[in-house]
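The values are calculated or read from the model by the stated rules, or taken from the named source; none is laboratory data. Keep in mind the model is a prediction, meaning the values are calculated, not measured. Methodologically, a virtual Cβ is constructed for each residue, glycine included, from the backbone with ideal geometry; neighbour enumeration extends over all protein chains shown.
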Amino acid sequence: MSESISSVLLDAHRARRQGLNAIAQRQRARLGEAVAFARTNSPYYRELYQGLPERIESSSVLPVANKQELMRHFDDWVTDREVSFAAVRAFVDNPELIGQRLLGKYSVATTSGTTGTPGIFLLDKHNWTVTLAFSLRMMIGALSASEIFCLLVRGGRTASVLAMGGHYIGAASFAAIRANWSARRFRALPAQAPLRNLVTELNRFHPALLIGYAGVMALLAAEQDAGRLHIRPVLVLPTSEGLSQDGYDRIAKAFHAKVRTVYVATECLFMAIGCEHGWHHVNSDWAILEPVDASYQPVPPGEEAHTVLVSNLANRVQPILRYDLGDRILQRPDPYPCGNPLPAIRVRGRAADILTFPTERGEKVAMPSLALEIDHVPGVELFQIVQTAPTQLRVRLHPAADADPNRVWRAVHSELTKLLNEHGLGQVSVELAAEPPVPSSAGKYRTVIPLVLSA
């Protein structure tokens, strides 16, 4: 538990050179250690894991955990007896403590509750060590020697467009980075700021590395194309909500830069790293991802999962073990073009992104793929599908600067109504919203907002 960033980085490199068996061996050992620590130090897990074998080598034998249940048992969930929900709640309610450490030891991050239950998560030093090590590994793997040289020559200047004004993971991440590297090289910008303000600040700072929510990166790419933003990042790292591959390609073209995505969540900040072929490779030595169906049974590669269970093998203060993340993923069944042997996945969306409609006969039809219908429509920069009534959808559109808004809307409307009609849902109305896409309080742009969340 005393690893440094360099030792974690070197061990990951060594494991990949040694092959999949070496990675699996590390995963089993770290899972066993994480479970043993949770049993010893968390009253909640001690009771939950009663009757299980003493030594755990496969996460599949563990019961499933979820955010609602863990938050209800917060005081028994955490492994540090100095931590209480009351103390953490008071910490979170104080905006002056954003980016500070609870008890001088733990970063605190809240989630916005898009799945119905807000979460409060603690991240210990070891968790950050692994996170920062894999961030470095991702950058090293994405860039050529000349690009790394260019990044270094420009001082590694990094701009991060993140959620501010709350204890979100972006603020905690920025504080962790500043604690390990020179603060002068990093600039944090609020994702909720007006776009013109972001453009002004980025033009002034001129980052070599640009990080931020994918939806915001798409808007900034449009500003770059329009000539209002003029920066030259070596690498762009879109995070959180996904864009289509065309969307990522537009970002790369606008900035003339490499674009790499990461698949992360507040619960586990190092789940998978994107490759040049549009897949994410799981960091299997420190994270376990299990694609499962609605009954938590394994889903074979090639089939879309209802949700994914994640085990974070680095965090000790608040164990995340076989945790229902709520994301729908697809694991690739065949060899990977980039040659990376680690499991390759694509994130299809959140289980909470599924829209349910009543048919004229009173039956219910679930539609998980509406956002995919808009992804390929030319001229769409950003969008949100909002269910405002059981049979009513409003679409918030931000067309590309060079697109005809009316033509884009007609194409979007045609695609959505066609799909709805194919599912016997011709009674569902689709209208254009007057307002553009709206970010959440955390600065993220959700592509689908079900009725229960829009109410």
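Values for this structure:
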item	result
Hits in segment 58-89 (condition: in contact (Cβ under 8 Å) with a residue 60 or more places away in the chain and assigned to a loop (DSSP other than H, G, I, E, B))	Leu62, Pro63, Val64, Asn66, Val78, Thr79, Asp80, Val83
Residue count, segment 402-420 (criterion: of a type in the set (D, E, K, R) and either buried (at least 17 other Cβ atoms within 10 Å of the Cβ) or touching a Pro at 6+ places or on another chain (Cβ under 8 Å) (or both))	1
Boolean, Ser84 is of a type outside the set (A, V, I, L, M, F, W, C), in the same structural domain as Tyr323 (by TED's automatic domain parsing) and touching a Lys or Arg at 6+ places or on another chain (Cβ under 8 Å)	no
Filtered residues of segment 12-51 (kept if more than 24 Å from Arg81 (Cα to Cα), buried (at least 16 other Cβ atoms within 10 Å of the Cβ) and touching a Lys or Arg at 6+ places or on another chain (Cβ under 9 Å))	Ala12, Ala15, Ile23
Top-ranked residue of segment 392-422 - restricted to ones that are within 30 Å of the chain's Cα centre (by Cα) and part of a loop (DSSP other than H, G, I, E, B), ranked as nearest to Gly247 (Cα to Cα)	Ala400
Options Ser135, Ser160: the member that is polar (S, T, N, Q) and either surrounded by fewer than 18 Cβ atoms within 10 Å (Cβ to Cβ) or outside the structural domain of Val236 (by TED's automatic domain parsing) (or both)	Ser135
Residues satisfying the stated conditions in segment 243-253, i.e. part of a helix (DSSP H, G or I) and surrounded by fewer than 20 Cβ atoms within 10 Å (Cβ to Cβ)	Gln245, Asp246, Asp249, Ala252, Lys253
Among the candidates Ala24, Ala29, Ala36, residue that is under 17 Å from Asp285 (Cβ atoms) and either without any contact (Cβ under 8 Å) to a residue 40 or more places away in the chain or not assigned by TED's automatic domain parsing to the domain that holds Arg316 (or both)	Ala29
Gly247 vs. criteria touching a residue at least 60 places away in the same chain (Cβ under 8 Å) and under 24 Å from Pro378 (Cβ atoms)	yes
Matching residues, segment 191-216, being under 15 Å from Ser440 (Cα atoms) and among the small types (Gly, Ala, Ser)	Ala191, Ala193, Gly212, Ala214, Gly215
Residue within segment 436-445 that is in contact (Cβ under 8 Å) with a residue 12 or more places away in the chain, among the basic types (Lys, Arg) and more than 16 Å from Leu219 (Cβ to Cβ) present	no
Failed condition for Val282, given (1) out of contact with any strand residue (DSSP E or B) (no Cβ under 7 Å at 6 or more places or on another chain); (2) at pLDDT 95 or above; (3) buried (at least 21 other Cβ atoms within 10 Å of the Cβ)	(1)
Odd one out for Ile56, checked against (1) touching a Gly at 6+ places or on another chain (Cβ under 6 Å); (2) surrounded by fewer than 16 Cβ atoms within 10 Å (Cβ to Cβ); (3) not basic (Lys, Arg)	(2)
Segment 355-371, residues that are in contact with a Leu (Cβ under 9 Å, 6 or more places away or on another chain) and at pLDDT below 80	Val365, Ala366, Met367, Pro368, Ser369, Leu370
Check on Ala294, modelled with pLDDT under 95, outside any strand (DSSP E or B) and under 28 Å from His73 (Cβ atoms)	yes
Ala272, sole failed condition from (1) free of Cβ contacts under 8 Å to residues at least 60 places away in the same chain; (2) buried (at least 21 other Cβ atoms within 10 Å of the Cβ); (3) among the small types (Gly, Ala, Ser)	(1)
Yes/no for Arg204 being of a type in the set (Lys, Arg) and modelled with pLDDT under 90	no
Identity of the residue in segment 257-291, in a loop (DSSP other than H, G, I, E, B) and within 11 Å of the chain's Cα centre (by Cα), that ends up farthest from Ser58 (Cα to Cα)	Thr261
Pair list, Cβ < 6 Å and 6+ apart or interchain, from segment 331-356 residues that are closer than 28 Å to Gln384 by Cα to residues that are of a type in the set (Val, Ile, Thr) and modelled with pLDDT of 85 or more	Gln331/Ile345; Ile345/Ile329; Val347/Ile329; Ala351/Thr307; Asp353/Val448
So Gly212, is it outside the structural domain of Val380 (by TED's automatic domain parsing) and outside any strand (DSSP E or B)	no
Matching residues, segment 349-364, being part of a strand (DSSP E or B) and surrounded by fewer than 18 Cβ atoms within 10 Å (Cβ to Cβ)	Thr356, Pro358, Lys364
Residue selected from segment 307-331 under the condition at pLDDT 95 or above, of a type outside the set (S, T, N, Q) and not in a strand (DSSP E or B), by the criterion surrounded by the most Cβ atoms within 10 Å (Cβ to Cβ)	Leu313
